[in-house]
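Asks: Okay, here's the structure, questions in a sec.
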Amino acid sequence: MVEPTCQQFLDFVKFPDDGELLDVGCGTGSLTMAMAKRWPGRRVIGVDQSPKYISYAQSRRTGDQPTFETGDACALAYQDGRFAGVAAQRPFSVHSKAGGGAARGWRAWHGPARPWRRRCGISRGGLVFQRMMWDTAVAIDPNARLARDSLFANPVAIPGGLAGLLR
C-alpha cells in the first residue's frame, strides 16, 4: 500500500484517539509506517509471519517507531483488548492455517477489531477495501486481472466468507 492510499485508508478506518495500534499481516510495513507517522505519540506494532518482510520493514524506519515483530496472525501473543485499533489487510486470505487458527487470532483482537470489521468490509459483503484496491490496479494495468481474480476466489474474500470461517 503506497503512502497516499495508506492515508486514505486511515481516514476511512477512524481509529480511536488514543491507545496502541496493531497491524496484523503488515508485510513490508507501509501501512504500519503510515500509522506511526500519523500518530507519533502512540505505540504502533506491525506483525507478519515473514522474517524477510519484517527485516525489510525494520530497515525502512527511522527512530524506534513503529515496532515490527515476526508473528503468526492466528496465534497472536498479545493480551485480549490490548489494542485500541487493529488493521488486518489480508492475513487470513493468505494464511496456511486459516481454519481453527483464524478463530484463535480473531479472539485475540476481537474487541479492538470491531471498528475495523464494521468500517472495512466484513459486514459490508467481503473484503471491500481490498476489492477496491485490486479493481483500481486492473484499471491501471489489465495484467493485474489474473492476480486479482485469484485472490478473490479465496473463500474469505467472498461475502460472508470470513464470518463463516470464524464460525
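FYI, it's all coordinate maths here, none of it is from the lab. Model, not experiment: these values are computed from the prediction. In this analysis, Cβ positions are derived from the backbone assuming ideal geometry, glycine residues included, and neighbour counts consider all displayed protein chains.
Asks: Given a Förster distance of 30 angstrom, what is the FRET efficiency for residue 58 paired with residue 38, based on the Cβ-Cβ distance and rounded to 0.05?
Replies: Between residue 58 and residue 38 the formula returns 0.95.
Asks: Quick check on the exposure proxy: order 26, 6 from fewest to most C-beta atoms within 10 angstrom.
Replies: Placing the least packed residue first, the sequence is 6, 26.
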